[in-house]
Amino acid sequence: MCGIVGYVGTRGSVEVLLGGLKRLEYRGYDSAGVAVIDDAGHLDTRKHAGKLGILSADLDASPLTDGQTGIGHTRWATHGGPTDENAHPHLGDGGKLALIHNGIIENFSELKTELLASGHEFSSETDSEVAALLVGDAFRETGDLTTAMLQVVNRLEGAFTLLAVHADQPHVVVGARRNSPLVIGLGEGENFLGSDVAAFVEYTHRAMEIGQDQLVTIRPDSVDVVDFAGQPVTPSTFEVNWDASAAEKGGWSSFMAKEISEEPEAVAKTILGRVHDGLVDLPEVVALGEGALASIDRVVIIACGTAAYAGMVGKYAIEKWARVPVDVELAHEFRYREPVLSPNTLVVSISQSGETMDTLMAVKYAKEQGARTLSICNTQGATIPRESDAVVYTHAGPEVAVASTKAFVAQITAIYLLGLQLGQVRGTLSPEQARELVVELQAVPEKLASVLATGERIAELAHWMADTRSVLFLGRHVGYPVALEGALKLKELAYIHAEGFAAGELKHGPIALIEPGQVVFVIVPSPRDPSSLHAKVVSNIQEIRARGARVIAIAEEGDVAVLPHADEVIRIPLASPFFEPLLAVVPLHIFGMELAAAKGLDVDQPRNLAKSVTVE
Ligand code: F6R
């Protein structure tokens, strides 16, 4: 939530800041603003409620006097509505200091009372302005931005990334972080700060991680990091493994359309280099400790939203392949109910952004309780992998559309790799069984490509249904989380009521929702599956059909048994049960996107949402 970018160097900073904010806009789009120190040492700011385009247009029409030092912010409102006044930057020291903030300052009302008592006036309703005024006052006393920021961060409670510039120190940007994201971009004669590497990937691929409770001072030729006690820290560096072009639309109508088209590649790249001699080989798990995988007696998967649905799919697979009990929990529920954990519990967090605060807090809690922690994450240098004992990166590439699509299939792929490795290590899968499953997994990208070809038909259906007010989704076994994912996409993209149900649960209540014309998507298991789930789901379809439902079945090629019972059948290629969810979800992703488009909505930036939920 909130995108942050800082720049110091030789370029005009407005262009760098706006370019960075454009790539970070998925983090929040309620308002945007920049502050720049010009060559004469004057600080100027411009900020506006609404999307970044409004700020850009205003800066085009009446440019700021540019300089080579600046900070920029795109906001997802927490304290105070999305107004011009509440947009960042906020000012301190009589307008000579500008500060931007991501997170929530929990003790802001005490600090505000103190500032009001000492004669300060506030021009916004935000918690962030407190930090701007405090750093401004501290600068007045100390004459140094780093010292001033250090004093203030030690008084703040909650989660924050703060960046500040001061007119009296024109070639300096200071940043600080606690539980909110911040990475450093290293250039030649210029340096960058950003909420994630997308902020600066256009200019440099060299990045540096900054840990919790650390503060960084960037100048054109130097980067200095200290902890909140002021002690120097040597951070580690990494290379960003994708280009700025990966975060561009590249001719697609939306980022989401592009990202859905990249689902085959997301799976393929996540498998790449992780199979040797036909078996899964995840070197990353070594960081969990010698023999850790063999000794664990329980897996707990924690995640939120779409990532949690990927985790639910993973539960079925890990329990089947590795015969270890698996629980899947929403991270925010897990964190605050004192779950029972032991050193033999493996806590697996799943997060595209690696910054979701609910998931981060749950990981920290699990570590404190002595559990082993492994993160499945798509974003290099993010906080959750840093806080975990081990990380298995998904290689889906940057996901810009706010609603997750390609990350979902990459997350399932990664959790399957983990499940297969667990099965191999624990001997619950024979090498032959493991090899067969690996071959199936490796075949998924090609099959996904053929599912994408059904997109046109799904688009037609979505456009016919533009006025639909409610859609239900049914699935069983691994199809159940897919149903939940289909419903979530429709809610968040098309703003219509949608629910996902386990098909077996239907008769226990939800069937009362069925009335003539109700559209129901049903994920139909393979008729070749030795369990009798196919027949059971076909019976469920008959039950809702008898009550007037319009059924859209997602069924594998050659499944003729479903034909008489469905109004429409979307075909997916043959795959054994565990690989079906990877295929069946694609039509649902396309459907959500197309229905939103049919309603004229912004599929990349749905209302009220932000991609990276960095507040609890
Ligand atoms: C839904 C969606 C969200 C995220 C959730 C977790 O389309 O994108 O539900 O899946 O906020 O985000 P990450 O994976 O970044 O932890």
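The values are calculated or read from the model by the stated rules, or taken from the named source; none is laboratory data. These numbers come from a predicted model, not from an experiment. Ideal geometry is used to build each Cβ from the backbone, glycine not excepted, and the neighbour counts take in all protein chains shown. Only protein heavy atoms, including side chains, enter the accessible area calculation; ligands, DNA and RNA are left aside. Shrake-Rupley method; radii C 1.70, N 1.55, O 1.52, S 1.80 Å.
Considering only residues that are in contact (Cβ under 8 Å) with a residue 40 or more places away in the chain, farther than 22 Å from A466 by Cα and part of a helix (DSSP H, G or I), which ones fall in the stretch 496-540?
Those that are in contact (Cβ under 8 Å) with a residue 40 or more places away in the chain, farther than 22 Å from A466 by Cα and part of a helix (DSSP H, G or I): L533, K536, V537, N540.
Kindly provide the set of residues from the stretch 140-154 that are under 15 Å from V173 (Cα atoms) and either outside the structural domain of I100 (by TED's automatic domain parsing) or open to solvent by 10 Å² or more (accessible area, probe 1.4 Å) (or both), ordered by number.
Within the stretch 140-154, G143, D144, T146, T147, L150 meet the criteria.
Among R337, R323, which is the only one that is open to solvent by 50 Å² or more (accessible area, probe 1.4 Å), touching a residue at least 24 places away in the same chain (Cβ under 8 Å) and either touching a Leu at 6+ places or on another chain (Cβ under 7 Å) or not assigned by TED's automatic domain parsing to the domain that holds P577 (or both)?
Values: R337 fails: touching a residue at least 24 places away in the same chain (Cβ under 8 Å).
The match here is R323.
Name every residue in the stretch 465-495 that is away from the ligand (no atom under 16 Å from the Cβ) and in a loop (DSSP other than H, G, I, E, B), in order of residue number.
Answer for the stretch 465-495, where residues must be away from the ligand (no atom under 16 Å from the Cβ) and in a loop (DSSP other than H, G, I, E, B): M465, A466, D467, T468, R469, R476, H477, V478.
Considering only the stretch 236-272, state which residues are assigned to a loop (DSSP other than H, G, I, E, B), within 24 Å of G185 (Cβ to Cβ) and in contact (Cβ under 8 Å) with a residue 60 or more places away in the chain.
Our first condition is that a residue be assigned to a loop (DSSP other than H, G, I, E, B); within the stretch 236-272, this holds for 236, 240-243, 248-254, 262, 272.
Now restrict to residues that are within 24 Å of G185 (Cβ to Cβ): 236, 240-243, 248-250.
Scanning the stretch 236-272 gives V240, N241, W242.
Output the residues belonging to the stretch 151-210 that are in a loop (DSSP other than H, G, I, E, B), over 19 Å from the mean Cα position of the chain (by Cα) and charged (D, E, K, R).
Of everything in the stretch 151-210, those that are in a loop (DSSP other than H, G, I, E, B), over 19 Å from the mean Cα position of the chain (by Cα) and charged (D, E, K, R) turn out to be R155, E157, D168, E188, E190, E202.
Mind checking which residues of the stretch 230-283 are under 30 Å from E436 (Cβ atoms), open to solvent by less than 30 Å² (accessible area, probe 1.4 Å) and under 22 Å from the mean Cα position of the chain (by Cα)?
If the condition is that a residue be under 30 Å from E436 (Cβ atoms), open to solvent by less than 30 Å² (accessible area, probe 1.4 Å) and under 22 Å from the mean Cα position of the chain (by Cα), then I260, E263, P264, A266, V267, T270, I271 are the ones that fit.
Can you pull out the residues in the stretch 328-372 that are away from the ligand (no atom under 11 Å from the Cβ) and part of a loop (DSSP other than H, G, I, E, B)?
Residues satisfying the conditions are Y336, R337, E338, P339, V340, L341, S342, P343, N344, Q369, G370, A371.
Can you list residue pairs whose Cβ atoms sit under 7 Å apart, with the first residue in the stretch 293-309 being assigned by TED's automatic domain parsing to the domain that holds G370 and polar (S, T, N, Q) and the second being within 6 Å of the ligand (Cβ to nearest atom) and not in a strand (DSSP E or B)? Count only pairs 6 or more apart in sequence or on different chains.
Note: pairs meeting the criteria are T306/S404; T306/L488.
If the requirement is being touching a residue at least 12 places away in the same chain (Cβ under 8 Å), in a strand (DSSP E or B) and open to solvent by 30 Å² or more (accessible area, probe 1.4 Å), which of these qualifies: I100, I104?
Matching residue, one of I100, I104: I104.
Hey, can you tell me all the residues within the stretch 290-300 that are touching a Ser or Thr at 6+ places or on another chain (Cβ under 9 Å) and either of a type in the set (V, I, T) or open to solvent by less than 50 Å² (accessible area, probe 1.4 Å) (or both)?
Passing the criteria: I296, V299, V300.
Which one is surrounded by the most Cβ atoms within 10 Å (Cβ to Cβ), of the residues in the stretch 58-88 that are within 11 Å of L18 (Cβ to Cβ) and among the small types (G, A, S)?
Residue satisfying both the conditions and the ranking: G72.
Every residue in the stretch 218-235 that is touching a residue at least 40 places away in the same chain (Cβ under 8 Å) and closer than 18 Å to L156 by Cβ, please.
Correct list: V226, F228, G230.
Within the stretch 93-102, is even one residue touching a strand residue (DSSP E or B) at 6+ places or on another chain (Cβ under 9 Å) and among the acidic types (D, E)?
yes
When the residues of the stretch 373-387 are filtered to those that are within 13 Å of the ligand (Cβ to nearest atom) and among the small types (G, A, S), which remaining residue is farthest from R274 (Cα to Cα)?
Here the answer is A382.
Table: residues versus (1) under 30 Å from Y29 (Cβ atoms); (2) of a type in the set (A, V, I, L, M); (3) assigned to a helix (DSSP H, G or I).
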residue	(1), (2), (3)
A396	yes, yes, no
A401	yes, yes, no
S404	yes, no, no
A410	yes, yes, yes
Y416	no, no, yes
Q433	no, no, yes
